[in-house]
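The values are calculated or read from the model by the stated rules, or taken from the named source; none is laboratory data. As the structure is a computational prediction, the values presented were derived from the model and not from experiment. For neighbour counting, all protein chains shown are included, and Cβ atoms are generated from backbone atoms with ideal geometry for every residue, glycine included.
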DNA sequence: TATTGTTATACTCTATAACTATA
DNA sequence: TATAGTTATAGAGTATAACAATA
């Protein structure tokens, strides 16, 4: 039988002066999400001149370092679902940053390659990404940054 | 003048055997996002019995440790926009986990409190969250986990 | 005049089912 | 029969503008 929705400690209708987040701050997920959000926010700002969102950057970077990569391989590597990648690649193709070429051995698949324009853009964009790392290293100290990345990899692999 | 969308290195239409993600793995944002995703995925599974999504958990946990907290304070602490919090709190109120009470000093504001049912649920849910931490400590070693959380806090604060 | 809570609404992101062409 | 790419579409998450009540 449903009980009435009455506060557990109903007597003092107190006000909260400063919010206590100490319990949440003990949780790895909470801290990882907030850190990811902080970094990605800066990333978005720095990539705006290139008109690249984080996903676009990841896609183009993988294409750059894996010329001929297929959509399926991109989806697996980045955790994107195939239907959601189609529109991204179409947009990047319309901007003449990537080009689709027939796969040498599999007639169903399509290999993705950077165009000269895409190569030029990504050379600058990856340089910008590397500079962002350097800036966070200032917040952290180079060895702490290396340590952090090592630990993060242990978490997700 | 627009150049034709021709691959930069067009000669060998090569296939990619194994995807090289080494550049992305040097980036803090990429690693932080993947780690957050990994932890949150497990979190979602473990919280399913309580029918709590990560946001619901965060909201209820802050209400638990800050009885009388206002919507505005929740939004600021969790980075949620006010219009998007309304529906969550309504749903939690309908489940009789939280109750709204008039704010003692500000007639515009509403203080949020856990009901007895909400208190009981969150006692178990926070215990489950703490166990999840312990499981990840197994992946990492307790001192590495503490170190990781410390470094993550440095990143976002 | 500014702020809290709210509604309405739009835009993005993510997820599922189903089709086609090749294997 | 299974897989790569695609389409259509639905749902969740996130964003802005505007309003009523109160400060």
Please determine, by comparing only the residues of the range A:92-129 that are touching a helix residue (DSSP H, G or I) at 6+ places or on another chain (Cβ under 8 Å) and within 14 Å of DNA strand C (Cβ to nearest atom), which one is farthest from residue A:60 (Cα to Cα). A:109
Given (1) under 23 Å from residue B:118 (Cβ atoms); (2) within 13 Å of DNA strand D (Cβ to nearest atom); (3) modelled with pLDDT of 95 or more, residue B:40 misses just (3)
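Which ones in the range A:148-157 are part of a helix (DSSP H, G or I) and more than 7 Å from chain B (Cβ to nearest Cβ)? Break it down stepwise before answering.
Step one: list which residues in the range A:148-157 are part of a helix (DSSP H, G or I), which gives A:148-156.
Listed by number, the list holds a single entry, A:150.
Can residue A:76 be described as within 9 Å of DNA strand D (Cβ to nearest atom) and in a helix (DSSP H, G or I)? Walk me through it before giving the result.
Numbers: within 9 Å of DNA strand D (Cβ to nearest atom): yes; in a helix (DSSP H, G or I): yes.
Yes.
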When you scan the range A:35-83, how many residues do you find that are surrounded by fewer than 21 Cβ atoms within 10 Å (Cβ to Cβ) and farther than 22 Å from residue A:107 by Cα? 21
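Restricting to the range A:82-100, name every residue that is near DNA strand D (Cβ under 8 Å from one of its atoms) and within 13 Å of chain B (Cβ to nearest Cβ).
A:89, A:90, A:100
Filtering the range A:103-143 down to residues that are in a helix (DSSP H, G or I) and touching a strand residue (DSSP E or B) at 6+ places or on another chain (Cβ under 7 Å), which residue is surrounded by the most Cβ atoms within 10 Å (Cβ to Cβ)? Explain how you work it out, then say what you get.
First, pick out the residues of the range A:103-143 that are in a helix (DSSP H, G or I): A:116-140, A:142-143.
Right, trim to touching a strand residue (DSSP E or B) at 6+ places or on another chain (Cβ under 7 Å) and you get A:118, A:122.
Details: A:118: 25, A:122: 21.
The residue in question is A:118.
Do you know which of the residues in the range B:101-115 that are under 26 Å from the mean Cα position of the chain (by Cα) and more than 14 Å from DNA strand D (Cβ to nearest atom) is farthest from residue A:17 (Cα to Cα)? Please lay out each step first, then the result.
Going through the range B:101-115, the residues under 26 Å from the mean Cα position of the chain (by Cα) turn out to be B:109-115.
This time we only want the ones that are more than 14 Å from DNA strand D (Cβ to nearest atom), so: B:112-115.
Details: B:112: 14, B:113: 15, B:114: 18, B:115: 21 Å.
Residue satisfying both the conditions and the ranking: B:115.
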Name every residue in the range A:65-81 that is more than 8 Å from every other protein chain (Cβ to nearest Cβ) and either over 18 Å from residue B:34 (Cα atoms) or away from DNA strand C (no atom under 16 Å from the Cβ) (or both), in order of residue number. A:71, A:72
Return a yes/no flag: does the range B:16-23 have any residue that is modelled with pLDDT of 95 or more and in contact with a strand residue (DSSP E or B) (Cβ under 7 Å, 6 or more places away or on another chain). yes
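Take residue B:10 and tell me if it is modelled with pLDDT under 95 and outside any helix (DSSP H, G or I).
Answer is yes for this residue.
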